[in-house]
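Encoded as structure tokens, the structure appears first; notes follow it.
What follows draws every value from the coordinates through simple rules; no lab data is involved. Small disclaimer: the values here were computed from a predicted structure and weren't measured. With ideal geometry, Cβ positions are generated from the backbone for all residues, glycine too; neighbour counts draw on all protein chains shown.
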Amino acid sequence: MTLATIISFSDFGTLVEGAFQPEVPVVSSSESDLGEPLERFAGPEEMCAKAAACAKAGVHNYAFGLWYPSMKGKVIERKIILDPPREGKSFRYSLSGWGIIHLHLYFTPPNTLQCRVAVNSEARAKSRQSRYPDMGAVSEWDWRVVETYAFRLSRKLASMGRIAPVVQQSVPGDAAT
């Protein structure tokens, strides 16, 4: 079961403001829309605008990927070929890197969202390194820095609300009988 912290949109603004201090991260979508490139976000305002747009559009979940230059390491954009194509689109992109910090949002109408921070540990990354040689060596990352930023974001998020299981999107026709 995945747990996330229930916060308001103003809390999300405070969280991402803090994510841009003391160092400015490179932020993009963790996964692109079908047939589109990854979206880039220059600052907290753009991240908040995207979260608001997702909520307004009825999107169930969205994730940002954060990479701080001091974390070092290799960040790649993978082109994922969709076979069969979905909605007439044949690809999408995904952000990859051993120490990328993912900020997941799950929208819970009307005025809250569930948020969680997800990042690999050094041990987990090492155990998977041989499966993903294109991601470079785990040792290229400064894991002390990765853990520092991930812990800061997690601690800040935990102070903002209560933790609950992530609300799962209902699938049409899946009604309990």
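Summarising the overall dimensions of segment 41-115 from its C-alpha atoms, the Rg and Dmax are 14.7, 40 angstrom. Only helices enter the 222 nm calculation for the chain: every DSSP H run of n ≥ 4 contributes -39,500 (n - 2.57), and dividing by all residues gives -8500 deg cm²/dmol, rounded to 500.
For LYS89, a cut-off of 29 angstrom between C-alpha atoms picks up these lysines, skipping any fewer than 8 places away in its own chain: LYS50, LYS56, LYS74, LYS79.
Rg and Dmax over the alpha-carbon atoms of segment 1-69 stand at 12.4, 35 Å. Each distinct pair of alpha carbons in the chain adds a 1/r term; the inverse of their mean, the Kirkwood radius, is 17.3 Å. Arranged from fewest to most other beta-carbon atoms within 10 Å of their beta carbon, SER28, SER10 become SER10, SER28. This model, with +1 at the C-beta of Lys and Arg and -1 at the C-beta of Asp and Glu, gives the chain a dipole about its Cα centre of some 420 debye.
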